[in-house]
Amino acid sequence: MGYYIGIDGGGTKTICLLGNCNNEVIDSFKAGPTNYHSVGAKQTEEVFSSMFTYFCDKHNIAKENISAICLGGAGIDCEDDENLLKNIFRTLGYKNKLLIFNDSITTLVGANGDMRDAILISGTGSISYGIDIHGNAVRVGGWGHIIDDDGSGYVIGRDALKKIMESYDGRSETTILWEKVSKNLGISDYEELIPFIYNSKKQHIADLAPLVLESYYSDKVSKDIVDKAVEDLFKMVKTLSLKMKIQNFQLSFGGSILLKSSLINSLLKKKINDEFPKVIIHAPYEDSAHGALNLALKVMDTKKERKL
């Protein structure tokens, strides 16, 4: 019997699924992050080594009996990323079929059930992917928090900090966000924000986003930040539609901002439906790990392969 592994390699955790040729999930393995840009190649290799040990020892499987592995990983954006990860798997003794994608591809497959339609993700970061009329994947956004990630939790949190310091200077109107953020961080002086800003990981900045969202109806600054995030996410969908050359597609929402914030979810849905009435918006059917497992299974069936 052939075995397959689907991996969702995230910036905070990694989820691995072991499946068989009957499309059954046999087991799962969870570990720490595998975005090598953040944690380094050594830690990434250690996680995948632990995965092989867990699956192979527990189920008495040799690596050569694993027919295909699909990894959807955060921070996989170019050929150099793919080659580094391929070398890690080869070093660990895996020689069979290996698929490596940005995690947006595997999230799209999990969310929509196949390599079709589109997905918009807004969590710590943001990105959108879709499949054009020729079956090719197209991408908008997701170019990192320094120059992009518009509409994400990170950018919402960053903009809140920016407006707080502008208010402190007198360059901007006062905002309730200082009261909320200072209480959340346990600080009492504006200038204490600076060490937090420059010593924090982007996730910690993104963790401030709920404070902005809950202030939407009571604070103009918060409302402006949220409205800008919604507009930025809408622009991603609009641009994606142009690149796909399709206006009647299914769009899955993903990421904590879109799935957990009813405010942004409803505001964005209205904006999309007003301009694209034929777009059907839905929650993900399955997660990225299941999407990766789906692709690992399909790559061994040449009749079902799609151009990626």
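The values are calculated or read from the model by the stated rules, or taken from the named source; none is laboratory data. On a predicted model such as this, the values are computed, not experimentally measured, just so you know. All Cβ positions, glycine included, derive from the backbone under ideal geometry; neighbour counts span all protein chains shown.
Scanning the stretch 100-131 for residues that are farther than 13 Å from ASP287 by Cβ and of a type in the set (Val, Ile, Thr) turns up ILE100, ILE105, THR124, ILE127, ILE131.
Restricted to the stretch 273-308, and to residues there that are closer than 21 Å to ASP132 by Cβ, surrounded by fewer than 20 Cβ atoms within 10 Å (Cβ to Cβ) and among the hydrophobic types (A, V, I, L, M, F, W, C), the residue that is modelled with the lowest pLDDT is LEU308.
Consider the stretch 97-139 and keep the residues that are more than 19 Å from ILE264 (Cα to Cα) and β-branched (Val, Ile, Thr). The one that is surrounded by the fewest Cβ atoms within 10 Å (Cβ to Cβ) is ILE133. Consider the stretch 1-27 and keep the residues that are over 19 Å from PHE89 (Cβ atoms) and among the polar types (S, T, N, Q). The one that is surrounded by the most Cβ atoms within 10 Å (Cβ to Cβ) is ASN20. Across the stretch 160-193, the qualifying residues are those that are acidic (Asp, Glu) and in a helix (DSSP H, G or I), and the one among them that is nearest to ALA209 (Cα to Cα) is GLU179. With the structure loaded, tell me whether SER188 is of a type in the set (Ser, Thr, Tyr) and buried (at least 18 other Cβ atoms within 10 Å of the Cβ) or whether it fails that test. So SER188 does not fit the description; no. Identify, please: which residue in the stretch 9-51 is modelled with pLDDT of 95 or more and aromatic (Phe, Trp, Tyr) and is, among those, nearest to HIS290 (Cα to Cα)? Selected residue: PHE29.
Residues in the stretch 202-214 that are part of a loop (DSSP other than H, G, I, E, B) and touching a residue at least 40 places away in the same chain (Cβ under 8 Å): ASP207, LEU208.
Within the stretch 84-99, residues that are within 13 Å of GLU64 (Cβ to Cβ) have Cβ atoms under 9 Å from residues that are of a type outside the set (D, E, K, R) and at pLDDT below 95 in these pairs: LYS97/VAL299; LYS97/MET300, counting only partners at least 6 apart in sequence or on another chain. Looking at LEU120, LEU98, LEU108, just one residue is part of a strand (DSSP E or B) and under 16 Å from LEU295 (Cα atoms), and that residue is LEU98.
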